[in-house]
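Single-structure report; data block below.
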Amino acid sequence: MHPRQLRNSLHCPLCPTLSEPTTLPCGHAVCADHFPLSRCPWPQCAPVAGPSRPRIPPTSRVHYLPPPPAPPHPQTLHTPRQDVTLNKVIALLDRVLADNDSDDDYDDDEPLVRISDRPRKRPRLHNLDTGDDDEDGGDLLSHLRSVSRPIDPPLDLEKALLTELSCEICFMLLHNPVTTPCQHTFCSKCLHRALDHSNLCPLCRDTLPGFSFFEDHPSNLTLNTLLLTVFPAESTLRAESLAAEERDARLDTPIFVCMLIFPNNPTALHFFEPRYRLMLRRCLEQEVPSFGMIMPPRHSGGPALAQSQNQIDYGTMVEVRSVQMLPDGRSMVETWSTFRFRILERGTLDGYTVARIEPIFDIPDSPSSSPTLDGPSNEQLMDICTQFLQQLRRGTAPWVVQRLNNVYGAPPSDPAQFAYWVALILPIDEFEKAKLLPIRSARLRLRLVVHWIEQLNNNWWFTSGCVVF
Ligand SMILES: [Zn+2]
Ligand SMILES: [Zn+2]
Ligand SMILES: [Zn+2]
Ligand SMILES: [Zn+2]
């Protein structure tokens, strides 16, 4: 866009050109000359030039007491200061327009073109030999004068605007710019964070009206328009990166993609990949070092398998019990698994997965949930499992049961844990075993394990003693 078009797009509702503007709490800009004002002169603006009332967070379960209404800041409507950022932008545009009164350095239809990117108009030397007269009429003296005149260093307008439209807190392009009564502008989020620490303006140390005044505060509309006009791609990128930041802030559980485990089991892990070493170091800074563990996705689906179908959504949290750091940075870690979880949202932090999780706890099997209470009792189901394990012990693989006893201890008497313990030994696919994780009923888990045992017993290769582990 041509700088003149850009300059003309900065409006005042009361006069032809916006000059020395002040930005009102409603986000509209008005020339300082028109003050004092009883209300914002922009048509269709709210009658009181103040921020809209803060909204009560709709999903918050916390009792939310809205703060008392914040009156419009008196200073803004009566003794205006000038909008610092907007005035700098206007001064910059006016300077460029004064410097380039021929206007030829810009194309109307192109996005804002950097002046330095384009050849600046330089006076052509008169060609005495050919007598090629230029538009100046061949006045050699005027040519020599203009050649000897010092040329200002070219102004990179885009760069200069980028500097002026950057936030003084985060030093990035302003996003959702909010202008304070002292007429300093910051990203809305940056200002909120600054107000968490102090109610003084981060730039001029003026006392600001307080957090509630700026909660849900309208953006500076003039600056917003400028940002979207001059830096549309950068503004979109900035919005996307802020959204990603917010999302990742919610993803507070590190995830170790390693193997299937069930609750209440010890696991020894070896951390050697750099990303997981970093993850472990961060975990160890926590009061209770813990992370989520999920099994790796099945790769046999190939590229045709959609990523969402190939994702593992259920896992188990583990607490770090001991860490043996090796001199080369690797570490051996002993963990104890605590509870199951479902991944609600996932992202990536420095190469490893981070997630927002929801714990999965059992729902007691009550008599009212009759369908799950049909058939054999829990004790009978556990008996079927025990008999199967004895059959294994007598058969070709007694070492398996021995190993299970050594590693995981004696079979648990709690039906809620028993199915996990049996599943560890069964010679079936890990993805099949993982079906135990989402089940919230101890009884249904036992039934599933017994179902697997029945299938194994029915397979000729298994009953013939060919157990393959
Ligand atoms: Zn207004
Ligand atoms: Zn005006
Ligand atoms: Zn900022
Ligand atoms: Zn200030």
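Quick note: the coordinates plus some simple rules give every number you see, no bench work behind them. Computed from a prediction, not measured in an experiment: that's the story for all the values here. Here the Cβ positions follow ideal geometry from the backbone for every residue, glycine too, while neighbour counts run over all protein chains shown.
Side notes on the structure shown:
- Stretching the chain fully between E287 and Q390 yields a gain of 32.8 nm (0.36 nm per residue, less the alpha carbon separation).
- Here segment 165-198 is scanned for amide nitrogen atoms under 20 Å from the site 7 Å beyond the Cα of D252 along Cα-to-Cβ, giving 193-194, 196-197.
- Total charge dipole magnitude, segment 189-244, about the Cα centre, Cβ charges on Lys, Arg, Asp, Glu only, Debye to nearest 20: 120
- The modelled label-to-label distance for the pair D414/T163, using points 7 Å beyond Cα in the direction of Cβ, is 6.5 nm.
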